[in-house]
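The structure appears right after this line, and notes come after that.
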Amino acid sequence: AFGAERVRVAGDAITAHAGAFAGEAGVVLTVGTGIACIGFDPKTGGCRLVDGDGFLLGDAGGGFWIGSRGAEAVRFGDSTGLAARLHSLPRPVASIAAFAIDVQDAAHGGDAVARAIVGAASLELVGTAQAASAVISNQPVRVALSGRLVATETPLRTALEREFTGDTGLQIVSAAGDPLDGAWALVTETL
């Protein structure tokens, strides 16, 4: 349809890293319905993809993870038929992941249970970023965050910033570009 002579296929973690670091060393942690995390160091050739295995096998700290824990907490209140309603949704995984926004809103409002869920998610995400950072030679390891759930001033972003200021060896940095910028750089071979 576009008259392309060749097509390249790349995972979202790869395009996010290419956009964020333009070929330089660092870790990109993308948090959406699930997570994708990749560490890459061109000096050593080290590359490590961590998690991103989907809600059945991982994605700890992602939207589904947060949303499902929020839904579980709600079940202890008046939640007659909640499980049946969730299972009958056309896209239950996406719907549960979307509930992560409500959990973050509740955390922002001071709800203790929601704050605990967001705090636990941040610990999971820091562990994931640390695992991906093992291939990076320079310290501290630069980490770019991507995804709506870790946008500036969200409770999860705030919790991550607090965790990263500890003795993690990780430093949150602004991404040079987004995953679409990375996809374009990979296609045009400008990295």
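Assorted remarks:
- Selection over the range 85-105 of residues that are under 19 Å from Ala151 (Cα atoms) and modelled with pLDDT under 90 gives a count of 0.
- Close contacts from the range 115-128, counting a first residue that is within 12 Å of Gln104 (Cα to Cα) and a second that is β-branched (Val, Ile, Thr) and buried (at least 16 other Cβ atoms within 10 Å of the Cβ), with Cβ to Cβ under 8 Å and a gap of 6+ residues or different chains, come to Ile117/Ile66; Ile117/Val103; Val118/Ile66; Val118/Val103; Ala121/Ile66.
- Screening Gly62, Gly3 for residues that are open to solvent by less than 60 Å² (accessible area, probe 1.4 Å) and either at negative phi or of a type outside the set (Phe, Trp, Tyr) (or both) leaves exactly one candidate, Gly62.
- Note on the range 166-180: residues that are over 18 Å from the mean Cα position of the chain (by Cα), on the phi < 0 side of the Ramachandran plot and open to solvent by less than 90 Å² (accessible area, probe 1.4 Å) amount to 1.
- Checking the stated criteria, Arg115 turns out to be crowded, with 16+ Cβ neighbours inside 10 Å, farther than 26 Å from Ile38 by Cα, modelled with pLDDT of 95 or more and not small (Gly, Ala, Ser).
- Residues of the range 34-56 that turn out to be surrounded by fewer than 20 Cβ atoms within 10 Å (Cβ to Cβ) and either small (Gly, Ala, Ser) or free of Cβ contacts under 8 Å to residues at least 24 places away in the same chain (or both), as a count: 7
- Contacts under 8 angstrom Cβ, first residue in the range 169-189 being hydrophobic (A, V, I, L, M, F, W, C), partner open to solvent by 50 Å² or more (accessible area, probe 1.4 Å) and part of a helix (DSSP H, G or I), 6 or more apart: Leu170/Gln130; Ile172/Glu161; Leu186/Ile14
- Among the residues listed as Asp105, Asp111, the single one being closer than 26 Å to Ala175 by Cα and of a type in the set (Asp, Glu): Asp105
- Selection of the range 118-153 for residues being assigned to a strand (DSSP E or B) and either of a type in the set (S, T, N, Q) or open to solvent by 70 Å² or more (accessible area, probe 1.4 Å) (or both) yields Arg142, Ser146.
- Close pairs (9 angstrom Cβ cut-off, 6 or more residues apart or separate chains): more than 14 Å from Trp184 (Cβ to Cβ) in the range 1-12, open to solvent by 100 Å² or more (accessible area, probe 1.4 Å) and outside any loop (DSSP other than H, G, I, E, B) anywhere: Gly11/Leu49
- Considering (1) in contact with a strand residue (DSSP E or B) (Cβ under 9 Å, 6 or more places away or on another chain); (2) at pLDDT below 95; (3) over 13 Å from Gly63 (Cα atoms), the lone condition that Arg142 does not fulfil carries the number (2).
- Per-region count, the range 19-33, residues within 13 Å of the chain's Cα centre (by Cα) and buried (at least 23 other Cβ atoms within 10 Å of the Cβ): 5
- Residue under evaluation Gly70, criteria (1) closer than 30 Å to Ser137 by Cβ; (2) open to solvent by less than 20 Å² (accessible area, probe 1.4 Å), criterion not met: (1)
The values are calculated or read from the model by the stated rules, or taken from the named source; none is laboratory data. Source: prediction; values computed, not measured. Glycine also receives a Cβ, built like all others from the backbone with ideal geometry; neighbour counts cover every protein chain displayed. We work out accessible area using only protein heavy atoms, side chains counted, and drop any ligands, DNA or RNA first. Shrake-Rupley method; radii C 1.70, N 1.55, O 1.52, S 1.80 Å.
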